[in-house]
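Visitor: Handing you this structure, nothing more for now.
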Ligand code: MN
């Protein structure tokens, strides 16, 4: 892994998220072809259906046309021993030393700019956690009590809620400002109106790669077998609706109108070099939540906000490594009651905020509930997201010349209907 000279015959620009060390999977279509599985490399997409057709994947004995799939679920369900072997084969086929696939480069590669990306997985169930201690502390400080910002359960379990899978959309999908019920503090009655406090949440999500039976538990040490890979995740949030509705069962319509994800699913293997330890957990967690080894990942994150026709401003820089609860603990907790999982289920991290105000992962925190507006390059101010603004999340890991990135997830806000 330290051999930085390891290169592909595909031209990969130096700052590309999609080096040969990454090889994320996605679902794409093109004017010539319906949906199929592709792998991102540099600015290209490797068409796995074509690679299979040419006989390069015969050793895996997959059904004919296996990669002409609408979603990655069946591929992921092959299991990690097989998908890891396929990943190794693809690494070999794309390496500079390889001389066979390169002869077919015109047939198997398409520019990413010429394909349309689709949701990578059919998401059965979606859960959103609340696992950044900085975010939970900020929100608790603003909405409850700075002295008791964290509720008593927070350091003992990864708090989460069941989200809505049907409204998870692919990057580039325009998001309509939602209508809903909200109530001003000094008002007697709620009103029904378009959301006034529209926000994003900087998150990452993992995709479940192995199913469980009802009643089965996943331990923290088993959890990585059950995680296929990760994407960037924007949990769009209507703060005024959320504030009025969330008591006592948690967010509902303030979240379910839309969530956006990045198109390329980065396999967990590609993130191996970027493991780091997480924050110390104090007090000690219960036995079933104890985890060993490096379970956090050093993934640099940023958020850009761009008015229509204007210049983008980077409004936050954060890192996935700040998460208090790691993914293995989240999965162990989620399954400890016997709740079953299916391939393609998605679990989002919760807003990823760091200690510094410049690393906060939502407008709510960045502008401190609107009291500290952000000045945009064109001189206008933002307390929350305005109509026709485009919000983009980006993320990548980099170490010793190896870069593994997620590309981006972007969404433009349209006015309420
Ligand atoms: Mn969230």
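The values are calculated or read from the model by the stated rules, or taken from the named source; none is laboratory data. Fair warning: this is a prediction, and the values are worked out from it, not measured in the lab. Quick reminder, even Gly has a Cβ in these numbers, built from the backbone with ideal geometry, and neighbours come from all protein chains shown.
Visitor: Considering only residues that are part of a loop (DSSP other than H, G, I, E, B) and closer than 30 Å to residue 341 by Cα, which ones fall in segment 103-150?
Guide: 119, 120, 121, 122, 123, 124, 125, 130, 131, 132, 150
Visitor: Moving on to the next point. Of all residues in segment 307-321, how many are under 17 Å from the mean Cα position of the chain (by Cα) and surrounded by fewer than 24 Cβ atoms within 10 Å (Cβ to Cβ)?
Guide: Pass one, segment 307-321, residues under 17 Å from the mean Cα position of the chain (by Cα): 316-321.
Okay, now just the ones that are also surrounded by fewer than 24 Cβ atoms within 10 Å (Cβ to Cβ), so 317, 319, 321.
Of the residues in that region, 3 qualify.
Visitor: Out of (1) within 16 Å of the ligand (Cβ to nearest atom); (2) at positive phi, what's the single condition that is false for residue 309?
Guide: Unmet for residue 309, out of (1) within 16 Å of the ligand (Cβ to nearest atom); (2) at positive phi: (1).
Visitor: Looking at 218, 241, which one is in contact with a helix residue (DSSP H, G or I) (Cβ under 6 Å, 6 or more places away or on another chain) and within 30 Å of residue 314 (Cα to Cα)?
Guide: That would be 241, the only listed residue that is in contact with a helix residue (DSSP H, G or I) (Cβ under 6 Å, 6 or more places away or on another chain) and within 30 Å of residue 314 (Cα to Cα).
Visitor: Taking segment 108-163 as the region of interest, how many residues are closer than 30 Å to residue 44 by Cβ, more than 16 Å from the ligand (Cβ to nearest atom) and surrounded by 14 or more Cβ atoms within 10 Å (Cβ to Cβ)?
Guide: The qualifying residues number 11.
Visitor: Residue 270 passes all but one of (1) buried (at least 20 other Cβ atoms within 10 Å of the Cβ); (2) more than 21 Å from the chain's Cα centre (by Cα); which number fails?
Guide: With respect to (1) buried (at least 20 other Cβ atoms within 10 Å of the Cβ); (2) more than 21 Å from the chain's Cα centre (by Cα), residue 270 is out only on (2).
Visitor: What are the residues in segment 244-267 that are part of a loop (DSSP other than H, G, I, E, B), touching a helix residue (DSSP H, G or I) at 6+ places or on another chain (Cβ under 6 Å) and in contact (Cβ under 8 Å) with a residue 12 or more places away in the chain, if any?
Guide: The answer is 251, and nothing else.
Visitor: Right, something else. Scan segment 207-229 and tell me whether some residue there is within 16 Å of the ligand (Cβ to nearest atom), outside any loop (DSSP other than H, G, I, E, B) and crowded, with 24+ Cβ neighbours inside 10 Å.
Guide: No - not one qualifying residue is present in segment 207-229.
Conditions (1) within 23 Å of the chain's Cα centre (by Cα); (2) within 23 Å of residue 118 (Cβ to Cβ); (3) in a loop (DSSP other than H, G, I, E, B), marked per residue:
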position	(1), (2), (3)
12	no, no, yes
15	yes, no, yes
20	yes, no, yes
23	yes, yes, yes
51	no, yes, no
56	no, no, yes
64	no, yes, yes
68	no, yes, yes
87	yes, yes, no
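Visitor: Tally up the residues in segment 335-357 that are more than 15 Å from the ligand (Cβ to nearest atom) and either outside any helix (DSSP H, G or I) or buried (at least 16 other Cβ atoms within 10 Å of the Cβ) (or both), please.
Guide: 14
Visitor: Does residue 160 satisfy the criteria of being modelled with pLDDT of 95 or more, on the phi > 0 side of the Ramachandran plot, touching a strand residue (DSSP E or B) at 6+ places or on another chain (Cβ under 7 Å) and assigned by TED's automatic domain parsing to the domain that holds residue 338? Can you show your working first?
Guide: Numbers: modelled with pLDDT of 95 or more: yes; on the phi > 0 side of the Ramachandran plot: no; touching a strand residue (DSSP E or B) at 6+ places or on another chain (Cβ under 7 Å): yes; assigned by TED's automatic domain parsing to the domain that holds residue 338: yes.
No, not satisfied.
Visitor: Is segment 190-206 home to any residue that is in a strand (DSSP E or B), more than 16 Å from the ligand (Cβ to nearest atom) and more than 30 Å from residue 389 (Cα to Cα)?
Guide: no
Visitor: Please verify whether residue 304 is at pLDDT 95 or above, surrounded by fewer than 19 Cβ atoms within 10 Å (Cβ to Cβ), touching a strand residue (DSSP E or B) at 6+ places or on another chain (Cβ under 9 Å) and in a loop (DSSP other than H, G, I, E, B), treating the condition exactly as stated.
Guide: no
Visitor: Here's something else I'd like to know. Checking the condition touching a residue at least 40 places away in the same chain (Cβ under 8 Å) and part of a strand (DSSP E or B), which residue from 388, 394, 369 passes? I'd like the intermediate steps shown before the answer.
Guide: Details: 388 fails: part of a strand (DSSP E or B); 369 fails: part of a strand (DSSP E or B).
When all the criteria are applied, what remains is 394.
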